[in-house]
Amino acid sequence: MSKPKIGMTEAGDAGWDLSWFEKLTKYDYDGAILITKSVSRPEFMEKVLELNGDIPFVIHSTITGWGGSIMEPMVPTPEKAVNAVRTLIDKGIAANRFVLRIDPIYPTTEGIEKAQNVIRLAKEIIPDVTRIRVSIYDDYPESRAEICRRGLPPIDDNDKPKKELDRRPTPDQVKMVAEALMEAAGEGQRFECCAEPELAKAYPGKFFWFGCLSERDCDIMDIEVPEGTGINGQQRYGCRCLMLKQELLSHKRRCPNNCAYCYWGSNK
Ligand code: SF4
């Protein structure tokens, strides 16, 4: 069996950088995971509606609750984003092609409340989207510096650069986030976690450690995963993505969303 080719948009935002569309339609892709905080951009909505039915895809609609604030100035408000998902479903994209992605959750009282509000809003407007995927903020020095520069509080008092494992959420942060999410979502909701073993280990049966491209996504897209397919080709901490993915985005830099915590660093 030949290895399927699945595109991913991890290097920026698929709502602003639409280069994925041409690649998917030209270069024989079997499927795609489109990750965006800008699901409501008309250009993005137009492209996914055009693609629907031709190439299978799953959209990760990332809504942290900070859209439109100094943390994510150009990201749509949660209301606008959730309503855009509703519109896309109503226009014919199956609800199981969407994942509500809350990433990152900033583990302060304010950040956690925003994540809870996103869940409550989604339950009301898009109850047919049942997958929720979460990740807790990683305290990279560049992210922390930009967050503070914008007048937002850092997540702790430790201003020293942190090593990989020290950037991970503390047990207290994991507990605060997990309990708040479960409370907002109600009994029965399961959560998928990105490179986030801490949540899955502390709350087995509620939080599941899946890659952004998992067997579940392949099932939804009706793509058969060849036996022996490995995970984490990039050797990234905690990553569980199947080794079938190929980056689709061309503009590998901070996108116009201008998030304070952007992993591409500050443009200033
Ligand atoms: S500004 Fe950075 S973190 Fe925010 S959506 Fe764009 S690429 Fe992602």
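The values are calculated or read from the model by the stated rules, or taken from the named source; none is laboratory data. Note that the structure is predicted; figures quoted are calculated from it, not measured. Backbone-built Cβ (ideal geometry, glycine too); neighbour counts: all protein chains shown.
Here region 162-209 is the region considered, the condition is being among the β-branched types (Val, Ile, Thr) and assigned to a helix (DSSP H, G or I), and the residue that is nearest to Val129 (Cα to Cα) is Val177.
Let's see how each residue does on (1) more than 17 Å from Leu121 (Cα to Cα); (2) at pLDDT 95 or above; (3) surrounded by fewer than 20 Cβ atoms within 10 Å (Cβ to Cβ):
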{"site": "Gly53", "(1), (2), (3)": "yes, no, yes"}
{"site": "Val58", "(1), (2), (3)": "yes, yes, no"}
{"site": "Thr62", "(1), (2), (3)": "no, yes, no"}
{"site": "Ile70", "(1), (2), (3)": "yes, yes, yes"}
{"site": "Pro73", "(1), (2), (3)": "yes, yes, yes"}
{"site": "Arg86", "(1), (2), (3)": "no, yes, yes"}
{"site": "Ile89", "(1), (2), (3)": "no, yes, yes"}
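From the list Arg253, Arg236, Arg216, Arg240, which one is at pLDDT 90 or above and within 28 Å of Arg167 (Cβ to Cβ)? Every option except Arg216 fails the conditions. Of all the numbered requirements in (1) touching a helix residue (DSSP H, G or I) at 6+ places or on another chain (Cβ under 6 Å); (2) within 15 Å of the ligand (Cβ to nearest atom); (3) under 19 Å from Cys193 (Cα atoms), Ile112 misses one, and that requirement is (2).
Annotation for region 150-170: no member residue is within 22 Å of Phe210 (Cα to Cα), buried (at least 16 other Cβ atoms within 10 Å of the Cβ) and of a type in the set (Ser, Thr, Tyr).
Residue-wise test of (1) more than 16 Å from the ligand (Cβ to nearest atom); (2) of a type in the set (Gly, Ala, Ser).
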residue: Lys3; (1), (2): yes, no
residue: Met8; (1), (2): no, no
residue: Ala11; (1), (2): no, yes
residue: Tyr29; (1), (2): yes, no
residue: Glu50; (1), (2): yes, no
residue: Ile59; (1), (2): no, no
residue: Trp66; (1), (2): no, no
residue: Val75; (1), (2): no, no
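Summed over region 65-79, the residues that are more than 17 Å from Asn258 (Cβ to Cβ) and of a type outside the set (Asp, Glu) give a count of 1. Of the residues making up region 243-254, one or more are free of Cβ contacts under 8 Å to residues at least 40 places away in the same chain, farther than 25 Å from Gly68 by Cα and more than 16 Å from the ligand (Cβ to nearest atom). Only residues that are under 23 Å from Val118 (Cβ atoms) and not in a strand (DSSP E or B) were counted in region 34-59, giving 9.
Taken over region 187-205, the residue count meeting the criterion of being at pLDDT 95 or above, of a type outside the set (S, T, N, Q) and surrounded by fewer than 17 Cβ atoms within 10 Å (Cβ to Cβ) is 1.
Pairs please, first residue from region 14-39 and more than 23 Å from Glu224 (Cα to Cα), second anywhere and among the hydroxyl-bearing types (Ser, Thr, Tyr) and surrounded by fewer than 19 Cβ atoms within 10 Å (Cβ to Cβ), Cβ atoms under 9 Å, 6+ apart in sequence or on different chains. Sorted first by the residue in region 14-39, then by its partner, the pairs are Asp17/Ser250; Ser19/Ser250. Within region 15-28, is even one residue among the β-branched types (Val, Ile, Thr) and closer than 27 Å to Glu124 by Cα? Scanning region 15-28 turns up no residue that is among the β-branched types (Val, Ile, Thr) and closer than 27 Å to Glu124 by Cα. Checking each residue in region 87-130 for being under 27 Å from Leu49 (Cα atoms), of a type outside the set (Gly, Ala, Ser) and in a loop (DSSP other than H, G, I, E, B) picks out Lys91, Ile93, Ile126, Pro127, Asp128, Val129, Thr130. With respect to the conditions (1) touching a Ser or Thr at 6+ places or on another chain (Cβ under 9 Å); (2) outside any loop (DSSP other than H, G, I, E, B), Asp156 lacks only one, and its number is (2).
Kindly provide the set of residues from region 66-86 that are part of a helix (DSSP H, G or I) and either touching a helix residue (DSSP H, G or I) at 6+ places or on another chain (Cβ under 6 Å) or among the aromatic types (Phe, Trp, Tyr) (or both), ordered by number. Result: Pro78, Val82, Arg86.
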